[in-house]
Amino acid sequence: MALLESIKIPLGTIMPVFELKDPDGRAYQSRALVGERGLLVFFTCNHCPYAQAVWPRVVRLAAYAQGMRVSAVAINPNINPGFPDDAPEKMKDKIKELGIDFPYLADETQDVARAFRAQCTPDIYLFNKDRALVYHGRIDDNWKDEDAVTREELKEALNNMAVGLPVPARQNPSMGCSIKWNVE
């Protein structure tokens, strides 16, 4: 497991257009995923300990965002034969286990992860209603121990965006396992 941080991407960057399928084969287009106020995008997977540690927070934050008319989507870029725990069938298990009620999509070609310049799981992006990036960073200040969290940075960004306040420009990178790139 190689630990990486998300890379700095200029705020205001427009969200790449994509179409991906969920584990049952239903297709989702990026433009249709954007909610009235924006879209929260989580690049994540099943096997990474960093992703596993924050999955419950991801589910709660997605519900919180949906209450603010911001949609959410999780994208698994680790569809790789070397990581069977991340296969679409295992994604179905994760959806059931956590009660995920937003799309969890398989990026089988990894083209979407490349377009977003995603590096790790989790790698988190918040786009406004115009599909412009307003936040790219970590969920909070303690991925390992939720009880020790003192600052919920993603929630703060969601709150600010929802009420029209600026999202702080200083954003701390997310960190996690490297995306398991397929090498041809």
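The values are calculated or read from the model by the stated rules, or taken from the named source; none is laboratory data. What you see is a predicted model; the values in this text were computed from it and never measured. Neighbour counts run over all protein chains shown; Cβ positions are idealised from the backbone, glycine included.
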Consider only pairs whose beta carbons are under 9 Å apart and that are at least six residues apart or on different chains; among these, list those whose first residue lies in the stretch 7-23 and is of a type in the set (S, T, N, Q) and whose second residue is modelled with pLDDT under 95 and not in a loop (DSSP other than H, G, I, E, B).
none
Pairs with Cβ under 6 Å, 6+ apart, first in the stretch 31-54 and farther than 26 Å from Ser178 by Cα, second not in a loop (DSSP other than H, G, I, E, B)
Gly35/Val70; Gly35/Ser71; Arg37/Val70; Arg37/Ala162; Gly38/Val70; Gly38/Phe127; Gly38/Asn128
Flag for Ala106 being more than 18 Å from Ile139 (Cβ to Cβ), at pLDDT 95 or above, over 16 Å from the mean Cα position of the chain (by Cα) and aliphatic (A, V, I, L, M)
no
Whichever residue in the stretch 134-148 is over 17 Å from the mean Cα position of the chain (by Cα) and among the acidic types (Asp, Glu) and, among such residues, is surrounded by the most Cβ atoms within 10 Å (Cβ to Cβ)
Glu146
Unmet criterion (only one of (1) at pLDDT below 95; (2) farther than 15 Å from Phe42 by Cβ; (3) charged (D, E, K, R)) for Arg131
(1)
Which condition does Leu61 not pass, out of (1) touching a helix residue (DSSP H, G or I) at 6+ places or on another chain (Cβ under 9 Å); (2) within 21 Å of Gln110 (Cβ to Cβ), if it passes all the others?
(2)
Applying the selection to the stretch 55-103, what residues are under 14 Å from the mean Cα position of the chain (by Cα), under 19 Å from Arg114 (Cα atoms) and either touching a residue at least 60 places away in the same chain (Cβ under 8 Å) or part of a loop (DSSP other than H, G, I, E, B) (or both)?
Pro77, Asn78
How many residues does the stretch 149-184 contain that are within 17 Å of the chain's Cα centre (by Cα), in a loop (DSSP other than H, G, I, E, B) and among the basic types (Lys, Arg)?
1
All conditions in (1) free of Cβ contacts under 8 Å to residues at least 60 places away in the same chain; (2) in contact with an Asp or Glu (Cβ under 9 Å, 6 or more places away or on another chain) are true of Arg117 except (1)
Looking at the structure I just gave you, is Val41 out of contact with any His (no Cβ under 6 Å at 6 or more places or on another chain), crowded, with 21+ Cβ neighbours inside 10 Å and closer than 18 Å to Ala157 by Cα?
yes
